Amino acid sequence: MIDYETIRSETRGRVGWITLHRPDALNALNTTVMREVVDAATRFDADERIGAIVLTGSEKAFAAGADIKEMADKSGLEMTMDDHFGAWARFAAVRTPVVAAVSGYALGGGCELAMMCDVILAADTARFGQPEINLGVIPGMGGTQRLLRAVGPYKAAELILTGRMMDAAEAERAGLVSRVVPAADLLDEADKTASTIAGKSLPSLYAAKAALAAAQESSLAEGLRYEKQAFAALFDTEDQKEGMAAFREKRPPHFTHR
Ligand code: CAA
């Protein structure tokens, strides 16, 4: 196990867990958190024994945003030359499905980090928002793009222009979260969901995640072409033969991720 400073990382069965751990700063995402989350996620992604990742925070905060104190005095040139949030793109690009388990505040970069995940489970205590406008800036880790795609242009504009927070029930109605669960059940539900995902064939999980990404990034015609090719390619896997044989033989499949 690697000794990180701002996160905890552990493996439970086929699920890799990443827990943000900056209790004194409501898990604000500074450069160290970014580097460590990306490191842990890319290690899990490279390990075939891991079929899903859970990303979570504390009861009070998933993450209250990018670290304001770290960036307050930077110049525009410095933000550009460091590519300040650039490494998060490597987190968003992992092939392994990621379940965000959100309790408490998911604000600014915290909301944007949750939106880089594939599934968002929210405790009934969760609060989502993009408050950057209150700081004289705008979302900078994908919020203007991913929130709009998640909740539509008018809801996204209202949230980004006012900087207000929404509770878990509103976030679920808006389509930002996959499911809301009682706060006490959040980690168990995340474990169940991630373990269910991790029990599937890895090549099909990778293909499903890539096809879903294609839907966000391309036209319908291009996305449908992508899906057709990815669907056909899975017929060259042993797991497809096993999955369909298991169905015919009325037994559970035994996937080998080949
Ligand atoms: N960056 C740095 N430190 C933060 C932080 C952040 N985003 N959010 C909270 N903290 C720190 C506070 O400064 C405080 O530290 P001190 O005790 O040393 O003062 C500690 O965490 C606890 O916070 P509060 O005392 O403020 O806790 P609260 O319960 O009174 O309020 C809160 C909670 C409403 C979430 C409030 O902390 C808050 O508004 N945080 C900032 C939210 C925000 O603006 N996020 C967007 C950041 S910019 C961004 O994310 C850009 C992007 O797109 C990537």
- Message: Give me a comma-separated list of calculated 3J(HN,Hα) values for segment 41-50, in order, Karplus coefficients 6.51, -1.76, 1.60 applied at θ = phi - 60°, integers in Hz, x for any Gly or Pro.
- Response: 5, 6, 5, 4, 5, 8, 10, 5, 6, 9
- Item | Peptides ranked, highest mean first, by Cβ atoms within 10 Å: ranges 17-24, 51-58 | 51-58, 17-24
- On a 0 to 90 degree scale, rounded to 10, what angle separates helix 202-217 from the longest Cα axis of the chain? 50 degrees
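Filter K192/K250; K200/K228; K74/K155; K209/K241 down to the pairs with a C-alpha to C-alpha distance above 26 Å, please.
Details: K192/K250 24 Å; K200/K228 20 Å; K74/K155 31 Å; K209/K241 21 Å.
From the list (K192/K250; K200/K228; K74/K155; K209/K241), the Cα-Cα distance tops 26 Å for K74/K155.
How much of the DSSP bridge set in the chain is antiparallel, in percent, rounded to the nearest 5? Present the calculation step by step, with values, prior to reporting the outcome.
On the way: 9 of 31 bridges.
Just about 30 percent of them are antiparallel.
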- Message: Classify segment 112-211 from the C-alpha gyration tensor, please: rounded if a/c falls under 1.5, else prolate or oblate depending on whether a/b exceeds b/c.
- Response: oblate
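Kindly work out what percent of the DSSP beta bridges joining two residues of segment 51-181 are antiparallel, to the nearest 5.
Values: 3 of 19 bridges.
The answer is about 15 percent antiparallel.
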- Query: What part of the accessible area of the chain, given as a whole %, is carbon or sulfur when the probe is 1.4 angstrom?
  - Reply: 56 percent
- Task: Work out, step by step, the length gained on full extension between T256 and Y154: first 0.36 nm times the residue separation, then minus their alpha carbon distance; give nm to one decimal.
- Result: 32.2 nm
- Task: With a cut-off of at most 13 other beta carbons within 10 Å, and DSSP calling the residue loop, which trypsin sites (Lys or Arg not before Pro) in segment 1-54 qualify? Please list them.
- Result: R49
- Gaussian network model of the chain, springs between alpha carbon atoms under 10 Å - residue of S219, S204, S195 with greatest fluctuation: S219
- Just grab the label-to-label distance for L212 and L135, each label 7 Å out from Cα along the Cβ direction, in nm (one decimal). 2.8 nm
- Counting only the heavy atoms of the protein chains, how much of M79 is accessible to a 1.4 Å probe, in Å² to the nearest 10? 60 Å²
- Message: Spelling out what I want: for every residue of segment 230-242, take phi, set θ = phi - 60°, compute 6.51 cos²θ - 1.76 cosθ + 1.60 (Karplus), and round to whole Hz; glycine and proline get x.
- Response: 5, 4, 4, 4, 5, 6, 8, 9, 5, 5, 5, 4, 5
- Between K69, K60, K200, which gets the highest mean-square fluctuation from a Gaussian network model of the chain, Cα cutoff 10 Å? K69
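The values are calculated or read from the model by the stated rules, or taken from the named source; none is laboratory data. Bear in mind the structure is a predicted one, so any value in this text is a computation, not a measurement. Glycine gets a Cβ as well: all are built from the backbone with ideal geometry, and neighbour counts include every protein chain shown. Each accessible area value is taken on the protein alone, full model and side chains, heavy atoms only, with ligands, DNA and RNA left out. Shrake-Rupley method; radii C 1.70, N 1.55, O 1.52, S 1.80 Å.
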